[in-house]
Every structure is written in C-alpha cells, then in structure tokens.
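So the structure is just underneath, and the comments pick up after that.
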Amino acid sequence: MNSQHKFFRIFTLCTFFIFFGIFTGWSQSAVDAIRIMDNQIGFGARAMGMGGAYTGIADDYSAVFWNPAGLAQIPKMEFWMGISHLHFSNESNLNGSIIDASLNATKFNSLGMVFPIPTYRGSLVFALGYQKVKDFEYINDYFGVSDRGELELFDVDPNDPDQPYYFSGQEVQKEGLATDEGNMSQYTFSGAIDVAPNISVGASIFYWKGRSDYTEDFRQLDIYDNFIFFPADFDEYVDNSYITDRYSSFGLKLSSLFRLGKDARVGIGMHIPQTFNIKEEWGYNSTVYFDNGDFLDYADDDEFEYEVQIPFRFQAGGSVALGNILGAANLEYIDWTQFEFQTSEFRQENIDIRRNYRGTLMWNVGAEIGIPLMASQIRAGFMYKPSPLADAQSEFNRKYITVGYGLLYGRIVKVDLAYMYGFWKQITGSDISPQGITEEDIKYHKLLLTFSYRF
C-alpha cells in the first residue's frame, strides 16, 4: 500500500471511530429512562402465586411493597426471608437465522421484620427490610446475514476508490452475544395504623439501589467479498463494549386498606414522584481488519452521571373470600410519557418519550383455595403488563401465568412456593446497532420460595 493510500485509510477509520465514539459515549435514549420501572415484578411467593393481585390482601411482610396499610392486619411479630431462581431464555431471529440462548440467576430475594406495637385500640405496626423487585437479566445470542448495521459511514461508487465508501448496503455475516445482569432493590421502612374500625392507612419509605452490567461482543465478517475496494476492503470488524449503570433514589408510597365486613377488602396506593440518580461507566474496543492483513483499532471509555424523574404511579385492588376460596384483582396505572431526563443534554430524548410512549393499565387476577385438613393452600394467577411503547402490538405485551402452594406449620411457620411463566416478543436494534434488527421471543421462568415465622 502506498503512503497516500495508507494515510487515507487511517484518516477514514479515525473519522469512523470518532463518530462511533460519540454515539457510544452519549447513547442515552428513551429506553434508558423507561427501563428503570419497566417490567417491575415485585416479590413474595404468596403474592406471585396469585399473579401479583395482592393490593387487596397484603397481610404479610410483602405488604411493604404491595400495600403498606395492610401491615395493620398483622397481630404478631414476623420474620421473613425469601430466595428466587430465574431462568431467562431468548430465541433471536436475525433475517431467518434463529439461535436460542438462556441464562440462570439464583438470588437472595428478601429479608424483613414486622413489629406490631401494643395499643389500647386498633393497630399500629412497623416493618423494616430489604427486597429485590426487578431483574435486569437478559441475553441475546445472534447470528445471521444482513446488509444493515455497523460501519455505515461513507458512501461512494466502488469503482472510484479515491473516495470514501459506504460500509453498508451489501450482505455481511454478523454474530454476537449481548448480556445484562443485575437487579433493582429496595431498603424499606414502613408503618400502618388503624384510623377507623375498618380502615387502615400506611406508608413505605424506600431507598432504591440497583445495578445493571451490560456487555456485548460483536463480529462482522465480509464472507462474500462484497467489500474489496480500497479503502473499504475490510475483512472483519470486531467490537467489545460494556455499560455499567448504578441506580439510587428515595421513594415514598402511601396507601389505604378498607375492610368491608369479614370477607372483602379494597386497597388503594400511590407512589409519589421520585428522581433516580444514574452513574454510568462505559467503554469499548473496536478493531477493523483488512484484506491485506492491515488492521486499525480504537478504544475509549468514560463515565458520567444523570437523573431521571419518575411520575406518579397508582394502584387499586380488591379481594373477596367465599368459604375456603379467596379471589383477588389488581390494577396499576403508569403514564410513561411523563418519564423525564433531568438534564438539558437529553432534550430530544424527552421529546421521544412523549411521542413514542403511552400510559398503560396493568392488571392482575388471582385465586387461592384453602385445604383445611392439610393446613395448606393452592394458588393460581395471571399478570398482564402492556408494553409502554405507543404502537406496540399485542404480542409485545408481557404475560405471566403463575401458580403457587403454601403450607402452615403450627400456626406460626409459613412456607410459600411460587412459579411464574412469562412470555412476550420484542425487537431490538437500529440502523447504527451492531446487529441491525433482531426479533426476539422471550421466555421467563421464575421460582420463588418464602419462609416466614410469627411469634
């Protein structure tokens, strides 16, 4: 290669890497704000076994999340502990090439104590604890042929090699693995009090803390020799990148529980708007290999901090007992268009949130059947979480089928087990993403085990 061509190649690739670095370093989008609360599941094996329809029940430690006013129903001190196991699978389709990938995560899920305070009349109860309420676990193993994606920077007739060439529009092989690990947790102090014989009010103060570790390893290969003209005679492109986000926030939930006789309860709740602080670290290492053996690489990393405003969230639910059968239902409303980055650099992202997202009404139903002779209960439920995207089709809404079982020993020790099966579709990627457009078929399997002791 003569010195003029070598200089031009270096100039071309440096321009590309600078361009790519800008997009990688400031890659925040509406998704980064929405994902903080999107697909937040909750905790508690009994609640999950009933599909999360627990706002109108809330008679154990998990009330700190579902309806803190329900703590007033607990007459004794309660120790609570839970673990969970998640199996997440993703069948990705990149232009007809299908790959199935999965990951497992077993986690300590919750730990808490409930403290009833002796009163002359009514009830006064406090609770203190910790719980994981959202998983970031994700995997996408993709492979296929595409003419979209990375290296789309220069455009020129390939018969004129003295001009920059558009590194796209021709089929290349793309392969990669993207993973995300982490969770969102709450440290909680809660209290509830009876303000009337059949009315309780309560509040939970949350300190939210979370972490997401995203990595992606990507390769693009010119297996069909579509790129053979200088300076775009690339043979392979390799990119390794990571993004680590650390989340923190203080939050407040207010709620009430109305007892309508012995057999019916109605609960309502409201999360006060809160601000999440996100500290992000990112980095990448990119290398382009050419047909003649030359290569050029570039690496960069940085860290920065930003804030996201979370709007009001509203819940309502009820339960009715008919003999040994307990039925329950829940509603939760979130207006995703009111999520907002609290910095001027993300003005366009805030516009995108208002244009591309919507308000959603999540609903849950569940039932529990008591088996008195065995001091146990069997449960089933369904959870429906609409996609926050404004134009999402029904298959992109998340659906969960749940079942559960509970066993009571000596009226003081309770063991609850729940299984959740979730399924939905999603599409990831864009014109500048490494893989292009990838269709994904998600399966979500989760086991929860809860142990509680009242004394």
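Scan segment 316-364 residue by residue and report those that are among the charged types (D, E, K, R), more than 18 Å from residue 56 (Cβ to Cβ) and free of Cβ contacts under 8 Å to residues at least 40 places away in the same chain. If you could, list the steps in order and put the result at the bottom.
Just the residues of segment 316-364 that are among the charged types (D, E, K, R), to begin with: 332, 335, 340, 345, 347, 349, 352, 354-355, 358.
Narrowing the set further to residues that are more than 18 Å from residue 56 (Cβ to Cβ) leaves 335, 340, 345, 347, 349, 352, 354-355, 358.
Passing the criteria: 335, 347, 354, 355, 358.
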Of the residues in segment 118-173 that are in contact with a Leu (Cβ under 9 Å, 6 or more places away or on another chain), modelled with pLDDT of 65 or more and assigned to a loop (DSSP other than H, G, I, E, B), the one that is surrounded by the fewest Cβ atoms within 10 Å (Cβ to Cβ) is 118
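Name the residue that is surrounded by the most Cβ atoms within 10 Å (Cβ to Cβ), counting only residues in segment 376-406 that are hydrophobic (A, V, I, L, M, F, W, C) and within 19 Å of residue 85 (Cβ to Cβ).
Restricting attention to segment 376-406, the residues satisfying the condition of being hydrophobic (A, V, I, L, M, F, W, C) are 378, 380, 382-383, 389-390, 392, 396, 401, 403.
Going one step further and asking which of them are within 19 Å of residue 85 (Cβ to Cβ), we end up with 383, 401, 403.
Values: 383: 24, 401: 14, 403: 18.
The extreme case among them is 383.
Restricting to segment 314-343, name every residue that is in a loop (DSSP other than H, G, I, E, B) and more than 30 Å from residue 264 (Cβ to Cβ).
Filtering segment 314-343 down to residues in a loop (DSSP other than H, G, I, E, B) leaves 323-324, 339, 342-343.
Passing the criteria: 339, 342, 343.
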- Item | Any hit, segment 191-206, residues being modelled with pLDDT of 90 or more, surrounded by fewer than 17 Cβ atoms within 10 Å (Cβ to Cβ) and within 30 Å of residue 283 (Cα to Cα) | no
Only one of 251, 293 is in contact (Cβ under 8 Å) with a residue 40 or more places away in the chain, out of contact with any Gly (no Cβ under 9 Å at 6 or more places or on another chain) and of a type outside the set (A, V, I, L, M, F, W, C), namely 251
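I'd like the residue in segment 344-363 that is in a strand (DSSP E or B) and among the hydrophobic types (A, V, I, L, M, F, W, C) and, out of all such residues, is surrounded by the fewest Cβ atoms within 10 Å (Cβ to Cβ).
361
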In segment 364-398, anything in a strand (DSSP E or B) and more than 30 Å from residue 264 (Cβ to Cβ) is listed as 389
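Okay, residues lined up against (1) in contact (Cβ under 8 Å) with a residue 60 or more places away in the chain; (2) within 20 Å of residue 448 (Cα to Cα); (3) under 18 Å from the mean Cα position of the chain (by Cα):
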{"site": "373", "(1), (2), (3)": "no, no, no"}
{"site": "378", "(1), (2), (3)": "no, yes, no"}
{"site": "393", "(1), (2), (3)": "no, no, no"}
{"site": "397", "(1), (2), (3)": "no, no, yes"}
{"site": "402", "(1), (2), (3)": "yes, yes, no"}
{"site": "408", "(1), (2), (3)": "no, yes, no"}
{"site": "425", "(1), (2), (3)": "no, no, yes"}
Considering only strands (runs of 3 or more DSSP E) wholly within segment 226-291, the ones with at least 1 residues that are more than 28 Å from residue 206 (Cβ to Cβ) and at pLDDT below 95 are 234-260, 274-290
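Select from segment 91-117 the residues that are assigned to a strand (DSSP E or B) and among the small types (Gly, Ala, Ser) and write down the one among them that is farthest from residue 413 (Cα to Cα).
Applying the first criterion (assigned to a strand (DSSP E or B)) to segment 91-117 yields 91-94, 97-117.
From what is left, the residues that are among the small types (Gly, Ala, Ser) are 92, 97, 101-102, 105, 110, 112.
Values: 92: 44, 97: 51, 101: 39, 102: 35, 105: 27, 110: 17, 112: 15 Å.
By that ranking, first place goes to 97.
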Per the filter on segment 337-381, residues touching a helix residue (DSSP H, G or I) at 6+ places or on another chain (Cβ under 6 Å) and among the aliphatic types (A, V, I, L, M) are 353
Looking at segment 79-90, is at least one residue farther than 30 Å from residue 340 by Cα, assigned to a strand (DSSP E or B) and touching a helix residue (DSSP H, G or I) at 6+ places or on another chain (Cβ under 8 Å)? yes
Subset of segment 405-417, residues farther than 18 Å from residue 325 by Cβ and in contact with a helix residue (DSSP H, G or I) (Cβ under 7 Å, 6 or more places away or on another chain), comes to 417
Per the filter on segment 220-279, residues out of contact with any helix residue (DSSP H, G or I) (no Cβ under 6 Å at 6 or more places or on another chain), of a type in the set (A, V, I, L, M, F, W, C) and under 29 Å from residue 320 (Cβ atoms) are 254, 258, 260, 264, 266, 268, 270
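The values are calculated or read from the model by the stated rules, or taken from the named source; none is laboratory data. Keep in mind that what you see is a predicted model, and the values were worked out from it rather than measured. Glycine also receives a Cβ, built like all others from the backbone with ideal geometry; neighbour counts cover every protein chain displayed.
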